[in-house]
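Colleague: Here you go, one structure.
Derivation of every value follows stated rules applied to the coordinates shown; laboratory data play no part. Remember, predicted model here, so these are calculated numbers, not experimental data. Heads up, the Cβs are rebuilt from the backbone with ideal geometry, glycines too, and the neighbour counts pull from every protein chain shown.
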Amino acid sequence: MSDHPLIAAIEAGGTKFVCGIGRGPHEVLATQRIDTTTPDETLESVCRWLSKAKAENGPFAAIGIGSFGPVDLNPLSETYGYITSTPKPGWQHTDLVTRLKNRFKVPVGFDTDVNAAVLSEYLWGAGKGLDPLIYITVGTGVGGGVLVNGQLLHGALHPEIGHLVVPPPVNSLAIHREGQCPFHKSCVEGYVCGPSIAKRWGVRADTLPLDHPAWEEIADVMAHALMNLTLTLSPRRIILGGGVMEQPQLIPLIRGKLMSHLNNYLLMPEVGREIDHFIVPPGLGVRSGLLGALALGRLALDAQGTTKS
Ligand code: ADP
Ligand code: ZN
């Protein structure tokens, strides 16, 4: 057993909440999946499970939450710790942090699910010590977390990489050629998230055959987004996760198209002979979100120690 403190971790997703208790990536003592229903019902189930986990494993020193969003990350804001304008019915303006803090009386770390994932990949996964680091998930939506100068990137809000604008695919063979995002005509999410793929091609993403023309187009859209990110943030590595990225043909296709779009403009090995180490799958697999939440709990505990001393 390590001497790290026990932390409770919550990966808050639109479909499911995954909770865990542990000390680090090799010491997760228990986990639980809870379906996302209404905020009250879901958060009550989470709190009940955390109380049980505490009774069975001992008290935890902090809680970390990586949440679907958009979320309010500004500690000076009245709605800090809230899920804010989400399209998910019933979840707009939901306070996560105060509820857990009041219930368990420990520091609570809070960030987006994708910032949590980039943090765990930076500490323990496929991006160990590499900075800037980007983690993108392509699943029910598209989201991205960014770590720069050892810190998770926040700003006026937080990065919303899923809505980067990309050129509309040319000569698309899709049934519905237009992007499916209700907000933007031609953004990444409107073409490549699972529901957009299903709407555009008329078939569920996980049932499209490996050699279907959809994958070339999806890779092309992704490569445009990665080109923009490479040009603006100069990342040392980009990690691609989420359900859609489980298609094994996608990452090699994206690597090739990224190099072709950049057209030898950037003279760096990462977009040349080392491309296989530049665009990679998550090192922690599906655990990056939960372990990221655990890392956020650790940070909250450290921050409290710093303020007190
Ligand atoms: P979430 O984004 O809700 O956390 P996932 O990352 O698992 O969850 O993404 C779910 C989406 O990914 C669904 O739209 C599903 O159709 C799609 N998906 C899941 N597995 C695959 C797969 N192997 N190939 C293509 N698409 C997939
Ligand atoms: Zn959009």
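Colleague: In what sequence, highest mean first, do 37-44, 261-268, 211-218, 225-232 appear when ranked by Cβ atoms within 10 angstrom?
Modeller: Final packing ranking: 225-232, 211-218, 37-44, 261-268.
Colleague: Of the listed peptides 244-254, 22-32, what is their order by residue-averaged count of other C-beta atoms within 10 Å, with the highest listed first?
Modeller: Answer by packing, highest mean first, reads 244-254, 22-32.
Colleague: Here's another thing I want to ask about it. Can you pick out the pairs among Lys16/Lys128; Lys52/Lys101; Lys54/Lys105; Lys16/Lys52; Lys16/Lys54 whose Cα atoms lie more than 24 Å from each other?
Modeller: Lys16/Lys128, as the Cα separations exceed 24 Å there.
Colleague: May I pose another question? Below 8 Å, C-alpha to C-alpha, sequence gap of six or more: please give me the relative contact order for the chain in percent.
Modeller: For the chain, the relative contact order is 22 percent.
Colleague: Ignoring everything except DSSP H segments at least 4 long, calculate the 222 nm mean residue ellipticity for the chain; use -39,500 (n - 2.57) per segment, divide by total residues, nearest 500.
Modeller: About -11000 deg cm²/dmol.
Colleague: Could you put Lys105, Lys52 in order, starting from the residue whose Cβ has the fewest other Cβ atoms within 10 Å?
Modeller: Lys105, Lys52
Colleague: To continue, here is another question. Hey, can you grab everything whose amide H is under 5 Å from the amide H of Thr86? Only 5+ residues off in sequence or another chain; H modelled, so Pro and N-termini drop out.
Modeller: Answer set, sorted by chain and number: His93.
Colleague: Give me the compactness ratio for the chain, meaning the Cα radius of gyration over 2.2 N^0.38 Å.
Modeller: Numbers: Rg = 19.6 Å, N = 309, 2.2 N^0.38 = 19.4 Å.
My calculation over the Cα atoms of the chain gives 1.01.
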